[in-house]
Amino acid sequence: MKSDVVIVGGGIMGLATAYHLAKLGLKGVVLEQGYIGYGSSTRNASHFRVHFWSPENTKFAIEGRRRLLKLSNELGWNPLPVIGGYLWLIYDEGTLKQFKESNKMWSSFGVPGVILSKEDVTNRYKYLNTNNLLAAFYGPQDGKIHHDFVTYGYYKALLRLGFKVLEHTKVTSLIVSEGSVQGVKVNDSIIETKKVVVCAGAWSNEILSSVNIKLPLIPERREIGITEPFKITIDPLIINTKSGVYVGQSIRGEIMGSIDYPDVKGIVNLGNTLQWMARYAKTLIELIPSLKYAKLMRIWSGYYETTPDHSHILGRDPEWPKGLYIGTGFSGHGFMMAPFAGEVLAEYIVNEKIHPLMEYYLPTRFRENKLIKETMVIG
């Protein structure tokens, strides 16, 4: 089998990249070791935001949001976007100062937020326990969207454009000869290609190791859960900057949230733990006391593939084999960044043109010590 391009990974990043490559005239195949969206794409909290500490990620997220909100017309699948905002609860002067300073930057990019007093929060969100609260930051541009409809919208569009998508097809190694990509090995067969794009999330280094490349990428397991559905009450996604818990409400009314605990790194069993459930339930009830008797219906886990600067990796290193590209390392932000990331990565692959907003995310930044200063990570 021969192909113009092979995409390794059938999550939203792989599918978005393949979609834009198809629009630019390439024919290829997406190879997914599990099912479509098996990695983080169908395991996330389905929210998006534009507010990050770094200007690089803020600008990139603004473009990602624009594309997310246009997907219904572009793909023919309505992902049901809801602009309910993000509410960051602040408990100390240092964090409040940081939000006030960053809001100047966000305002300059056209996405200002609002600093709310404790009294504002108490009056607007009567279900919250505001003891010890100092203030809050509300980002009105942020929201939620249905992750499955985004993923499968890209998938169906790809099929219409002539791409192949092979599920339960694990890439065991990359094939390189004389400094150039020649194909990929899948079980006992080979797919010949001159271009390979690794969008395999937490499993990216497993594939790159076959050509002695190792990215500074650490998989971190995250757990998340939902309750029975209730009447829609929680409009924004609420983030407690002190405890680390976040919580929102799905479009069906389930209370969905998580907390960054316990610390589990590496490719591990995607199971769930009593430690997480106990910590999450206790912290959530402290924040929203009325949820004391809510039934936790389901919990699951997925991966953040985390980089040292909590920012994604796009493109290629000139020292790599010719024809090898990467799109990974989103550190929990892949769902909101991927629609734009796939677009600029595809343009780079086909036209060798680096979008100005993509330059910050090249893999060369790690050895050149040009890290992005990002620590605003949820969960």
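The values are calculated or read from the model by the stated rules, or taken from the named source; none is laboratory data. Everything numeric here is computed off the predicted structure, so don't read it as measured data. Positions of Cβ are backbone-derived with ideal geometry, glycine not excepted, and every protein chain shown enters the neighbour counts.
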### Query
Wholly within the stretch 119-203, which strands (runs of 3 or more DSSP E) include no fewer than the required count, namely at least 2 residues that are among the β-branched types (Val, Ile, Thr) and crowded, with 20+ Cβ neighbours inside 10 Å?
180-186, 196-198
### Task
Considering only residues that are assigned to a helix (DSSP H, G or I) and of a type in the set (S, T, N, Q), look in the stretch 13-71 and name the one that is farthest from PRO356 (Cα to Cα).
THR17
### Task
Would you check if there is a residue in the stretch 50-58 being of a type outside the set (Phe, Trp, Tyr), crowded, with 22+ Cβ neighbours inside 10 Å and under 30 Å from GLY271 (Cα atoms)?
no
### Task
Tell me, please, whether a residue that is more than 21 Å from GLY39 (Cβ to Cβ) and either at pLDDT below 95 or outside the structural domain of TYR86 (by TED's automatic domain parsing) (or both) can be found in the stretch 194-204.
yes
### Filter pass, LYS322 being assigned by TED's automatic domain parsing to the domain that holds ALA18, farther than 25 Å from TYR86 by Cα and of a type outside the set (Val, Ile, Thr)
yes
### Message
I want to confirm something. Restricting to the stretch 277-313 and keeping residues that are among the hydrophobic types (A, V, I, L, M, F, W, C) and without any contact (Cβ under 8 Å) to a residue 40 or more places away in the chain, which single residue is surrounded by the most Cβ atoms within 10 Å (Cβ to Cβ)?
### Response
LEU284
### Message
For the stretch 314-345, give me each residue that is aliphatic (A, V, I, L, M) and either surrounded by fewer than 23 Cβ atoms within 10 Å (Cβ to Cβ) or within 12 Å of the chain's Cα centre (by Cα) (or both).
### Response
LEU324, MET336, MET337, ALA338, ALA341
### Query
Across the stretch 323-354, what is the number of residues that are touching a residue at least 12 places away in the same chain (Cβ under 8 Å) and not in a helix (DSSP H, G or I)?
12
### Task
Could you please give the count of residues in the stretch 141-166 that are of a type outside the set (Val, Ile, Thr) and under 20 Å from the mean Cα position of the chain (by Cα)?
12
### Query
Wholly within the stretch 225-288, which strands (runs of 3 or more DSSP E) include no fewer than the required count, namely at least 1 residues that are at negative phi, of a type in the set (Ser, Thr, Tyr) and modelled with pLDDT of 95 or more?
246-249, 254-258
